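Each value in this text was obtained by applying a stated rule to the coordinates, not by laboratory testing. Note that the structure is a prediction, hence the values are computed from the model and not measured. Using ideal geometry, Cβ is built from the backbone for each residue, glycine included, and neighbour counts are taken over all protein chains shown.
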């Protein structure tokens, strides 16, 4: 870990520093640097390794996922550290948290008992099924339907862009249950992967390989005991979950950016050109200075938002600021690192080339950058009008 000064910031406590340093040492030994050909198998192996190492307990919080025990700063530090080593390792950890987050926050004791222990141990893979072909950023537009028949909900419809799709053991699915129009008529259900009427309709290949799929529900009967929260509260459940993990997306972007800066410094201080090293040129120095400043600016926003949530304060605006700044800034930092590497920077398998592919999706998922801008402006205007 090149720069650990941020671990002494007042947003973090001594236990957070200990966590980051311990995970750094573990990741150096257990996290492969490159993806293998079978991404599904590698993702499963990473989940098992993270569970065996005890790191996944930070993704669910508490012994059985008590909401009060979710430490947002710990989640952010884990994601940042893993992202410095491997985008797929970060993905494996993050999806265990996001996929089970609704259960941690609002699940019944029985649901927590059934799922969260296995998630924390790396024995069950979780997925968060919210997006649809016509409902991504506009969650209230989703069409997947859940009609109540006796003590079951019957799901019909599709979900897409679902991370861990095809390898998950269970999915937290959000469906229109009709209690009210728009966002107030959505409920959340836990759907086991072997439930009749559920199928993985299509696997999706993306720029940075990871398990991703389109899901189909056709008369899929789910016991009402699998519903998370009250009827019609699914939108609220989804937003509470995203408020926790949106900040951690920004932390992952920080990890990518820090690795890019480390790689750029290594290259700039060793690459000889015109009788000197690349770092001797003022243009290179200016680029490195801008990269470092962008990273620290984003880190301050990330750990402010994480600290604020851990204090029980509203965090919607702060989480949006963190995600917007960290993901957009990381894209700039990584692009600059590729430029420092020159032709070598676009060679497949080089760390900066992998980072270039890894970062792009973070500016889109869990709320695209444009949506974060709308959220920030909405919160500002709400405060201005109330004042």
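Would you mind telling me which residue in 116, 77, 265 has the biggest mean-square fluctuation in a Gaussian network model of the chain, where springs connect alpha carbons within a distance under 10 angstrom?
Per the Cα network of the chain with a 10 Å cutoff, 265 tops the list.
222 nm [θ] for the chain, helices only, -39500 (n - 2.57) per DSSP H run of 4+, per residue, to 500?
-17500 deg cm²/dmol
Gaussian network model of the chain, Cα springs within a sub-10 Å range: biggest mean-square fluctuation belongs to which of 131, 225, 248?
225
So if I take the centroid of the Cα atoms in region 160-218 and the same for region 308-379, what is the distance between those two points in Å?
Going from one Cα centre to the other spans 25 Å.
Rounded to the nearest 5, what is the percent of antiparallel bridges among the DSSP beta bridges in region 135-261?
95
Using just the Cα positions, wrap region 264-347 in a convex hull and report its mean projected area in square nanometres, one decimal place.
The Cα convex hull of region 264-347, projected and averaged over all directions, gives 6.3 nm².
Gaussian network model of the chain, Cα springs within a sub-10 Å range: biggest mean-square fluctuation belongs to which of 260, 292, 337?
In the Gaussian network model the winner is 292.
Can you work out the base-10 log of I(q)/I(0) for the chain at q = 0.09, 0.10, 0.12 1/Å, using the Debye formula on its C-alpha atoms alone?
-0.51, -0.63, -0.90
Among DSSP beta bridges lying fully in the chain, give the percent that are antiparallel, nearest 5.
Here the antiparallel bridges make up roughly 85 percent for the chain.
Tell me, in nm to one decimal, what length is gained between residue 384 and residue 45 on full extension, where the rule is 0.36 nm per residue of separation less the Cα-Cα distance?
Once the chain is fully extended between residue 384 and residue 45, it gains 117.1 nm.
Could you work out how much longer the chain between residue 5 and residue 199 gets when fully extended? Use 0.36 nm per residue separation minus the Cα distance between them, nm to one decimal.
Contour length minus the Cα-Cα distance gives 65.1 nm.
By count of other Cβ within 10 Å, fewest leading, how are 9, 55, 307 ordered?
9, 307, 55
Tell me the angle of helix 316-341 to the major Cα principal axis of the chain, expressed in degrees between 0 and 90 and rounded to the nearest ten.
Approximately 40 degrees, to the nearest 10.
Taking 7 Å along the Cα-to-C-beta vector as the label spot, tell me the residue 18-residue 262 distance in nanometres, rounded to one decimal.
Going from the residue 18 label point to the residue 262 one covers 2.3 nm.
As a footprinting exposure proxy, order 44, 246, 147 by other Cβ within 10 Å, with the fewest listed first.
147, 44, 246
Could you please rank 325, 269, placing first whichever residue has the fewest other Cβ atoms within 10 Å of its Cβ?
269, 325
Any chance you could check the Cα centroid distance between region 101-122 and region 274-302 for me, in angstrom?
Value for the Cα centre distance between the two parts: 43 Å.
Between 0 and 90 degrees, rounded to the nearest ten: what's the tilt of helix 351-360 against the longest Cα principal axis of the chain?
Tilt of helix 351-360: around 40 degrees.
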